[in-house]
1. Using the structure shown, decide if E188 is within 24 Å of I94 (Cβ to Cβ), in contact (Cβ under 8 Å) with a residue 40 or more places away in the chain, in contact with a helix residue (DSSP H, G or I) (Cβ under 6 Å, 6 or more places away or on another chain) and of a type in the set (D, E, K, R).
2. Which count do you get for residues in the stretch 112-131 that are within 13 Å of the chain's Cα centre (by Cα) and not hydrophobic (A, V, I, L, M, F, W, C)?
3. Sort through D25, D80 and tell me the only one that's open to solvent by 10 Å² or more (accessible area, probe 1.4 Å), closer than 22 Å to P228 by Cβ and at pLDDT 95 or above.
4. Just name the residue that is least open to solvent (accessible area, probe 1.4 Å) out of those in the stretch 224-245 that are part of a loop (DSSP other than H, G, I, E, B) and not small (G, A, S).
5. If you scan the stretch 155-192, which residues turn out to be in a helix (DSSP H, G or I), of a type in the set (A, V, I, L, M) and open to solvent by 30 Å² or more (accessible area, probe 1.4 Å)?
6. For the stretch 18-25, indicate whether the set of residues that are in a strand (DSSP E or B), without any contact (Cβ under 8 Å) to a residue 12 or more places away in the chain and over 19 Å from the mean Cα position of the chain (by Cα) is non-empty.
7. Tell me, which residue of the stretch 122-149 that is assigned to a loop (DSSP other than H, G, I, E, B) and under 18 Å from A170 (Cβ atoms) is least open to solvent (accessible area, probe 1.4 Å)?
8. Taking the condition open to solvent by 20 Å² or more (accessible area, probe 1.4 Å), of a type in the set (S, T, N, Q) and either assigned to a helix (DSSP H, G or I) or in contact with a Pro (Cβ under 8 Å, 6 or more places away or on another chain) (or both), does S152 pass?
Amino acid sequence: MAPRIVAVIPCRFGASRFPGKPIADINGKPMLWHVYQQTIAAEGIDAATIATDDDRIRKVCEVLDLPVLMTRSDHASGTDRVAECAARLDADIIVNVQGDEPMIEPEAIARVARGIAACDDPNVQASNGYNEISSPSDAIDTNVVKVVMTVSGLAMAYSRLPIPYPKGGAVRHLRQLGLYAFRREGLERFASLKPGPLEQAEGVEMLRFVEHGYGVQMVQVPNDEGIPVDTPADLDRVRALMAGH
């Protein structure tokens, strides 16, 4: 019997660089609406919901008839917020889709969900999307998280610095995406672990599993996975691209 896969889209109002961005308008609809539509279009996703701690976001969801779950406001990361929702979800696999990627490709979501669904290693707790970095500026951009992997495709390390260092010649830099899928028990395990010093230093939540000795299966997704909206300038770019579509 196929596992039931549910996506959760964590949305926080108080982002430091762009407060209120989940409900920022994109061509007549709030950003979270676009993320939801891309998510439910992904093959294999049985249901999706918004997760938030903010009544302003909840009210927008209710007006648009989008499923929404209210959570605590003290979570250290979006995945911790998703983990709180797990107890209220009928799901075997839970996908964390970032609420600030209105152009994320449904195929990327589907591939990452399949990555954990097909994995039979009990030590692997999650799957995580990645793609190749083609721009040298992205390789040194600290807003772009890089990942290096074992030969079997498990995450070995994440960093905002350009890893690996090319001492021995040309290297391939890989971008870690904020797109994760968990078995239910894996998500519960994530929430039970304390953030380690690397996670706190780098601000990369999947380091929590790596630091505690658990596996994260990396899954390559198309390079056109979307444009994260971190600033008003990013929003203007997305508006222009979506208007062009």
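The values are calculated or read from the model by the stated rules, or taken from the named source; none is laboratory data. Fair warning: this is a prediction, and the values are worked out from it, not measured in the lab. Neighbour counts run over all protein chains shown; Cβ positions are idealised from the backbone, glycine included. Surface areas here come from the heavy atoms of the whole protein model, side chains and all, with no ligands, DNA or RNA. Shrake-Rupley method; radii C 1.70, N 1.55, O 1.52, S 1.80 Å.
1. Values: within 24 Å of I94 (Cβ to Cβ): yes; in contact (Cβ under 8 Å) with a residue 40 or more places away in the chain: yes; in contact with a helix residue (DSSP H, G or I) (Cβ under 6 Å, 6 or more places away or on another chain): no; of a type in the set (D, E, K, R): yes.
Criteria not met by E188.
2. Restricting attention to the stretch 112-131, the residues satisfying the condition of being within 13 Å of the chain's Cα centre (by Cα) are 112-113, 126-130.
Applying the additional criterion that residues be not hydrophobic (A, V, I, L, M, F, W, C) yields 127-130.
Count: 4.
3. On the way: D80 fails: at pLDDT 95 or above.
Only one candidate passes the filter, namely D25.
4. Within the stretch 224-245, the first condition is being part of a loop (DSSP other than H, G, I, E, B), and the residues that meet it are 224-231, 245.
After this cut, where a residue has to be not small (G, A, S) as well, the list is 224-225, 227-231, 245.
Numbers: D224: 92, E225: 16, I227: 26, P228: 51, V229: 0, D230: 45, T231: 40, H245: 169 Å².
If we take residues in the stretch 224-245 being part of a loop (DSSP other than H, G, I, E, B) and not small (G, A, S), then V229 is least open to solvent (accessible area, probe 1.4 Å).
5. Kept after step one, since they are in a helix (DSSP H, G or I), are these residues of the stretch 155-192: 184-192.
Checking the rest, the ones that are also of a type in the set (A, V, I, L, M) come to 187, 191.
Within the stretch 155-192, just A191 meets the criteria.
6. yes
7. Of the residues in the stretch 122-149, the ones assigned to a loop (DSSP other than H, G, I, E, B) are 122-123, 133-135, 141-145.
Retained after the next criterion (residues that are under 18 Å from A170 (Cβ atoms)): 133-135.
On the way: I133: 20, S134: 107, S135: 36 Å².
Checking each candidate, the answer is I133.
8. Working: open to solvent by 20 Å² or more (accessible area, probe 1.4 Å): yes; of a type in the set (S, T, N, Q): yes; either assigned to a helix (DSSP H, G or I) or in contact with a Pro (Cβ under 8 Å, 6 or more places away or on another chain) (or both): no.
No; evaluated as a whole, the condition is false for this residue.
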